[in-house]
Amino acid sequence: MQLAPNFLAKRPLTAEYDFAGIVEKENGTEFEVGDSVFGFIHVSITLKTRQGTLAEYALVPNICVTKRPFNIDVIHASGLTLAGLTAWQSLNCTHLEAGQTLFIYGGSTAVGLFAIQIAKARGIKVVASASGKNQGLVRKMGADEFIDYTKEPIHKYLTSHPPSPKFHGIIDAYGLSDPSLYTHSAAYMAPDGVFVTTTPAPHRISLREIGYLVKTLTAITWPAWLGGIPREFKSDISTRPWW
Ligand SMILES: NC(=O)c1ccc[n+]([C@@H]2O[C@H](COP(=O)([O-])OP(=O)(O)OC[C@H]3O[C@@H](n4cnc5c(N)ncnc54)[C@H](OP(=O)(O)O)[C@@H]3O)[C@@H](O)[C@H]2O)c1
């Protein structure tokens with residue numbers, strides 16, 4: 001939030017996107033007044049109307065709303081949409097199939113925790129990293145193997161302990177600004193593997209972060225036949241239909 005200037009972010013506006021609630025007015029949609037629903041406010045709606053979900057009411061198109069299944073309570077439903085969709089979309093970008101292996105960096109982030117569960121439901125083997133204190137959580141969500149990224153830079157660890165077979169896909173569910181995990185990926189990701197990021201985001205403005213940005217742009221644009229990184233790079237943001 002601090003990095004986006006006001007002319008882009010259009011503040012002040014009400015914060016947050018995810019919600020769960022009751023339909024107050026169905027307005028010719030498939031919903032009925034009183035339906036229990038959950039969903040999100042599309043960011044384009046927030047920018048136009050300054051709506052956010054830390055509020056009593058939200059006015060959204062029906063495509064942003066779905067009925068809440070009886071087995072998901074309001075609190076859990078209200079935390080599901082954006083992080084869940086981001087995980088779903090990131091996993092779809094990898095085109096992984098049952099039996100293949102996925103590495104999730106940021107396994108304990110909201111997006112990472114959803115990605116682990118969706119991948120496991122698809123029969124994919126999951127190796128996930130997080131800090132040691134979150135090992136129990138990450139494994140409880142279904143990760144088959146765990147790596148503590150705080151002990152050694154993760155690209156160095158994976159280069160010296162390459163998986164066999166190599167990962168079929170990697171999801172950076174944290175949004176690393178340092179592109180090293182991608183630039184070294186040939187050592188631990190199969191040639192047709194896809195590296196997906198939730199979008200590299202600098203956490204402050206500094207010379208180092210600007211250097212990472214330049215390195216990332218070079219790495220993803222320089223062709224492999226000219227010595228560039230021989231692995232596909234995707235940002236899930238490019239495929240977010242709601243963004
Ligand atoms: N949440 C959403 O709705 C949403 C939607 C769209 C996109 N995204 C994007 O998805 C990414 C993750 O967002 P999130 O909301 O899921 O994150 P989050 O839940 O806020 O992630 C917090 C966790 O990140 C981990 N972390 C901190 N520093 C780290 C580092 N240097 N490397 C790896 N992990 C680190 C920490 O766990 P450990 O101590 O275990 O490392 C911390 O508990 C971001 O790029 C965000 O922009 C999020």
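Numerical summary
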quantity: Which listed pairs, of Lys48/Lys234; Lys48/Lys215; Lys140/Lys166; Lys120/Lys166, have C-alpha distances above 26 Å, in listed order; calculated: Lys48/Lys234; Lys48/Lys215
quantity: Cα lying deepest toward the dipole's positive end in the stretch 1-40, options Val33, Leu13, Val23, charges on Cβ; calculated: Leu13
quantity: The chain - share of DSSP beta bridges that are antiparallel (%, nearest 5); calculated: 25 percent
quantity: Computed [θ] at 222 nm, helices only, for the chain once each DSSP H run of length n ≥ 4 contributes -39500 (n - 2.57); calculated: -8000 deg cm²/dmol
quantity: Separation of alpha-carbon centers, the stretch 102-149 and the stretch 174-218, rounded to whole Å; calculated: 19 Å
quantity: Net dipole in debye of the stretch 1-69 [+1 Lys, Arg Cβ; -1 Asp, Glu Cβ; about Cα centre; nearest 20]; calculated: 400 debye
quantity: Two-decimal Rg/Rh across the stretch 6-77, once Rg and the Kirkwood Rh are taken from alpha-carbon atoms; calculated: 1.00
quantity: Debye, to nearest 20: dipole size of the chain, +1 on Lys, Arg Cβ, -1 on Asp, Glu Cβ; calculated: 600 debye
quantity: Positive dipole terminus of the chain, leading residue within Leu59, Ala219, Val127 (C-beta point charges); calculated: Ala219
quantity: Relative contact order, percent, the chain [alpha-carbon distance under 8 Å, six or more residues apart]; calculated: 15 percent
quantity: Rounded to the nearest 10 Å², the accessible area of Cys64 at probe 1.4 Å; calculated: 10 Å²
quantity: Compactness relative to 2.2 N^0.38 Å, alpha carbon Rg of the chain; calculated: 1.11
quantity: Reachable lysines from Lys151, criterion Cα separation under 20 angstrom, eight or more residues apart if same chain; calculated: Lys133
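The values are calculated or read from the model by the stated rules, or taken from the named source; none is laboratory data. As the structure is a computational prediction, the values presented were derived from the model and not from experiment. Don't worry about glycine lacking a Cβ; one is built from the backbone with ideal geometry, like all the others, and counts go over all protein chains shown. For accessibility, only protein heavy atoms count, side chains too; no ligands or nucleic acids. Shrake-Rupley method; radii C 1.70, N 1.55, O 1.52, S 1.80 Å.
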